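The values are calculated or read from the model by the stated rules, or taken from the named source; none is laboratory data. Small disclaimer: the values here were computed from a predicted structure and weren't measured. Every residue, glycine among them, receives a Cβ derived from its backbone with ideal geometry; neighbour counts consider all protein chains shown.
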């Protein structure tokens with residue numbers, strides 16, 4: 001079983017129909033040997049993006065209906081606070097959540113800084129958008 005941690009950068013691309021992100025999402029959700037999880041804050045972030053863009057909030061279910069959401073707790077917030085490398089607050093929470101899921105978790109992101117910090121924390125990452133053929 002491969003556990004993929006979905007970062008907001010890829011979730012938004014998949015929601016908006018970026019071909020590479022959408023193809024990755026469809027492939028992973030169709031494979032019973034793979035699972036997608038994220039922090040509960042993903043729901044809030046997708047809601048804010050949809051509201052900002054004037055789209056129906058229920059559009060988020062196209063993504064969230066296939067993602068296991070991990071609740072925020074004191075341990076995750078404390079871990080986020082302990083990340084020494086510079087990373088934005090919500091990204092630190094995402095990375096702390098991925099850490100809580102175990103070292104075999106693959107962080108799926110299009111954010112270069114998140115990739116760098118994930119590596120420094122011992123997490124592997126994947127970027128389905130950057131992997132596209134030129």
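Please work out which residue is surrounded by the fewest Cβ atoms within 10 Å (Cβ to Cβ), limiting yourself to region 58-92 and to residues that are more than 22 Å from residue 28 (Cβ to Cβ) and touching a strand residue (DSSP E or B) at 6+ places or on another chain (Cβ under 8 Å).
Checked region 58-92; the qualifying residue surrounded by the fewest Cβ atoms within 10 Å (Cβ to Cβ) is 72.
Taking helices (runs of 4 or more DSSP H) that do not extend beyond region 15-130, which have at least 2 residues that are closer than 20 Å to residue 2 by Cα and under 13 Å from the mean Cα position of the chain (by Cα)?
Per the criteria, 19-30, 61-64, 89-101, 112-120.
Here is a list of conditions, (1) closer than 22 Å to residue 97 by Cα; (2) modelled with pLDDT of 95 or more, and residue 23 meets all of them except one; can you say which number that is?
Tallying (1) closer than 22 Å to residue 97 by Cα; (2) modelled with pLDDT of 95 or more, residue 23 fails exactly one: (1).
Do we have residue 46 as more than 15 Å from residue 128 (Cβ to Cβ) and surrounded by 14 or more Cβ atoms within 10 Å (Cβ to Cβ) here?
Judged against the criteria, residue 46 is a match.
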